[in-house]
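Here's the structure we're looking at; comments come further down.
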């Protein structure tokens, strides 16, 4: 399964970039918003608490965030989930206690022209972005056949696929052992064969990280207690 408009998706691609975008006061407002929002999901397997940014909790902050995104992304549409009334959620606050493994956030509608995703750090942390691209639906990549079989049985709507297809696409070159030890000890090194790191972003509060939704990525294994961020997904 691949995107219908792959050429358009590729035309919009660009290297990851980091921009210092938010003032200290704006970061404080985002953190206070996170505290006030209801919990959407407590994924015990991933050890992460997720909260959707619901519109109109803080209309001024809504407008500020969207306007700042337009400054750096140009025209875009949100590709987050929607409320029951059809309003876009502005993003997903994620409070992670364990590092997230190798995946891609490319969405579930193969007719969409997926664009950029953004991450706003609200604590310390690290994100690893790989140079490798994926042109199918959102997927967690694993060579653990038990995980793949579990996903096939559940078939839950809105849940990432589980796949080992990446091992057939990117080649069999062994992953760099030094980089694995330093940043990716939570991953089976054989799950990273054929992958090449494009960026290791050390989180800085006030920044926004922007990258293509087709880039494979994961958390670094270097996490202290927990980390907090805001992630947004866009399309054209």
* Please indicate, with yes or no, whether at least one residue in the stretch 100-110 is buried (at least 16 other Cβ atoms within 10 Å of the Cβ), without any contact (Cβ under 8 Å) to a residue 60 or more places away in the chain and farther than 20 Å from residue 13 by Cα. => no
* Scan the stretch 81-97 residue by residue and report those that are touching a residue at least 40 places away in the same chain (Cβ under 8 Å), buried (at least 16 other Cβ atoms within 10 Å of the Cβ) and either touching a strand residue (DSSP E or B) at 6+ places or on another chain (Cβ under 6 Å) or within 30 Å of residue 185 (Cβ to Cβ) (or both). => 91, 92, 93, 94, 95, 96
* To do: Scan the strands (runs of 3 or more DSSP E) fully inside the stretch 8-57 and keep the ones with 3 or more residues being under 20 Å from the mean Cα position of the chain (by Cα) and within 17 Å of residue 117 (Cβ to Cβ).
  => 17-20, 48-52
* Return yes when residue 216 is within 25 Å of residue 73 (Cα to Cα) and outside any helix (DSSP H, G or I) and no when it is not. => yes
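Please work out if residue 19 is surrounded by fewer than 17 Cβ atoms within 10 Å (Cβ to Cβ), farther than 28 Å from residue 144 by Cβ, in contact with a helix residue (DSSP H, G or I) (Cβ under 9 Å, 6 or more places away or on another chain) and touching a residue at least 60 places away in the same chain (Cβ under 8 Å).
Working: surrounded by fewer than 17 Cβ atoms within 10 Å (Cβ to Cβ): yes; farther than 28 Å from residue 144 by Cβ: yes; in contact with a helix residue (DSSP H, G or I) (Cβ under 9 Å, 6 or more places away or on another chain): yes; touching a residue at least 60 places away in the same chain (Cβ under 8 Å): yes.
Answer is yes for this residue.
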* Asked: What residue, of 119, 192, is out of contact with any strand residue (DSSP E or B) (no Cβ under 8 Å at 6 or more places or on another chain) and at pLDDT 95 or above?
  -> 192
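The values are calculated or read from the model by the stated rules, or taken from the named source; none is laboratory data. Here the structure is a predicted model, which means the values were calculated and not measured. No Cβ is skipped: glycine too gets one built from the backbone with ideal geometry, and neighbour counts run over all protein chains shown.
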